[in-house]
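**Student:** Handing you a structure now.
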């Protein structure tokens, strides 16, 4: 299965004085099993882009297909394909509204018309997957949880829909470092253990660089770079800076140390790899 975008454009406020083009001529495929990172400065079109992936927005021109089905069509097949793409918005706790955690997670599967025993199975499995024990948390109010736990409930609600694609728009916004790490551990687990394709929007270059297998850089509603994170951060710094995107701090540090003569590779994107490389490189410095 793949998501295919074919020459899509999107314009807000068509025919009004506030008309503004947010996306311009984007064509690309998102393949099954990818971990796609999307970066760009504020206003580059990131959120507008991802809202096209499950039909929340329909392109002004062009088409978006999931598994070959145009998801803007008013057919049952298109509706089914839209459900294959789960969305977790920025501050997903604002999406929570039911009295208990179990009821909130069950909302989506119930709307699919699934039998009660199947809904219960999905709720239990989703809660277990995000680390919320059913017997402890099922009857609790979602509004009495920490920020990180509320994000996990929101993600569990999407998991319970059993999507093939998971779109996350700044899922760690507003969380402390511990809460952010909790969320990303669950996202990585989903990608590796369930094989879900992940599309992650984030301003945090360090998070993107250590998780994504492919990176898209947006600017003024257009894709300006598309490739492996290491290649983009290593070989396209001037382009990134020109569109207002920073490279990961680790990459800056490694480049600085290399310029000072430390014999270490520049194929490094994570802090752990950097520490190991610096220690090893230091042993070769007389």
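**Student:** Answer with yes or no whether residue 183 is within 30 Å of residue 129 (Cβ to Cβ), out of contact with any strand residue (DSSP E or B) (no Cβ under 7 Å at 6 or more places or on another chain) and either surrounded by fewer than 21 Cβ atoms within 10 Å (Cβ to Cβ) or without any contact (Cβ under 8 Å) to a residue 60 or more places away in the chain (or both).
**Tutor:** Details: within 30 Å of residue 129 (Cβ to Cβ): yes; out of contact with any strand residue (DSSP E or B) (no Cβ under 7 Å at 6 or more places or on another chain): yes; either surrounded by fewer than 21 Cβ atoms within 10 Å (Cβ to Cβ) or without any contact (Cβ under 8 Å) to a residue 60 or more places away in the chain (or both): yes.
Taking the combined requirement at face value, the residue satisfies it.
**Student:** Which condition breaks for residue 232 when tested against (1) touching a strand residue (DSSP E or B) at 6+ places or on another chain (Cβ under 7 Å); (2) closer than 17 Å to residue 171 by Cβ; (3) not in a strand (DSSP E or B)?
**Tutor:** Failed condition: (2).
**Student:** Now, a different point. Any residue in segment 220-245 that is free of Cβ contacts under 8 Å to residues at least 40 places away in the same chain sitting within a Cβ distance under 6 Å of a residue that is part of a helix (DSSP H, G or I)? List the pairs, counting only those 6 or more apart or interchain.
**Tutor:** So the pair list comes out as 225/232; 233/251.
**Student:** In this structure, does residue 152 turn out to be crowded, with 21+ Cβ neighbours inside 10 Å and farther than 13 Å from residue 36 by Cα? Spell out the reasoning first.
**Tutor:** Details: crowded, with 21+ Cβ neighbours inside 10 Å: yes; farther than 13 Å from residue 36 by Cα: yes.
Against the criterion (crowded, with 21+ Cβ neighbours inside 10 Å and farther than 13 Å from residue 36 by Cα), residue 152 qualifies.
**Student:** Could you go through segment 240-248 and let me know if any residue there is assigned to a helix (DSSP H, G or I) and over 29 Å from residue 278 (Cα atoms). Can you show your working first?
**Tutor:** Within segment 240-248, the first condition is being assigned to a helix (DSSP H, G or I), and the residues that meet it are 240-242.
If we keep only those that are over 29 Å from residue 278 (Cα atoms) as well, we get 242.
Yes, segment 240-248 contains at least one residue that is assigned to a helix (DSSP H, G or I) and over 29 Å from residue 278 (Cα atoms).
**Student:** Output the residues belonging to segment 155-171 that are in a loop (DSSP other than H, G, I, E, B), without any contact (Cβ under 8 Å) to a residue 60 or more places away in the chain and buried (at least 21 other Cβ atoms within 10 Å of the Cβ). Quick ask: steps written out before the conclusion?
**Tutor:** First, pick out the residues of segment 155-171 that are in a loop (DSSP other than H, G, I, E, B): 160-164, 170-171.
Next, from what is left, pick out any that are without any contact (Cβ under 8 Å) to a residue 60 or more places away in the chain: 160, 162.
Of everything in segment 155-171, just one residue is in a loop (DSSP other than H, G, I, E, B), without any contact (Cβ under 8 Å) to a residue 60 or more places away in the chain and buried (at least 21 other Cβ atoms within 10 Å of the Cβ), namely 160.
**Student:** Ok, one more. Looking only at segment 188-202, count every residue that is modelled with pLDDT under 90 and closer than 18 Å to residue 47 by Cβ and tell me the total.
**Tutor:** Going through segment 188-202 one residue at a time, the tally reaches 1.
**Student:** Output the number of residues of segment 186-203 satisfying the condition of being under 12 Å from the mean Cα position of the chain (by Cα) and in a loop (DSSP other than H, G, I, E, B).
**Tutor:** Residues meeting the conditions: 3.
**Student:** Any idea how many residues of segment 31-56 are modelled with pLDDT of 95 or more and either over 16 Å from residue 199 (Cα atoms) or surrounded by fewer than 17 Cβ atoms within 10 Å (Cβ to Cβ) (or both)?
**Tutor:** 0
**Student:** Assess whether residue 188 counts as being farther than 18 Å from residue 56 by Cα and without any contact (Cβ under 8 Å) to a residue 24 or more places away in the chain.
**Tutor:** Criteria met by residue 188.
**Student:** Within segment 136-149, work out how many residues are closer than 23 Å to residue 121 by Cβ, assigned to a helix (DSSP H, G or I) and in contact (Cβ under 8 Å) with a residue 12 or more places away in the chain.
**Tutor:** Residues meeting the conditions: 3.
**Student:** Shifting gears a bit: Among the candidates 207, 267, which residue alone is surrounded by fewer than 16 Cβ atoms within 10 Å (Cβ to Cβ), touching a helix residue (DSSP H, G or I) at 6+ places or on another chain (Cβ under 7 Å), at pLDDT below 90 and at negative phi?
**Tutor:** Values: 207 fails: surrounded by fewer than 16 Cβ atoms within 10 Å (Cβ to Cβ).
Being surrounded by fewer than 16 Cβ atoms within 10 Å (Cβ to Cβ), touching a helix residue (DSSP H, G or I) at 6+ places or on another chain (Cβ under 7 Å), at pLDDT below 90 and at negative phi holds for just one of 207, 267, which is 267.
The values are calculated or read from the model by the stated rules, or taken from the named source; none is laboratory data. Since the structure is predicted, the reported quantities are computational estimates derived from the model, not experimental observations. Cβ: placed from backbone, ideal geometry, glycine included. Neighbour counts: every protein chain shown.
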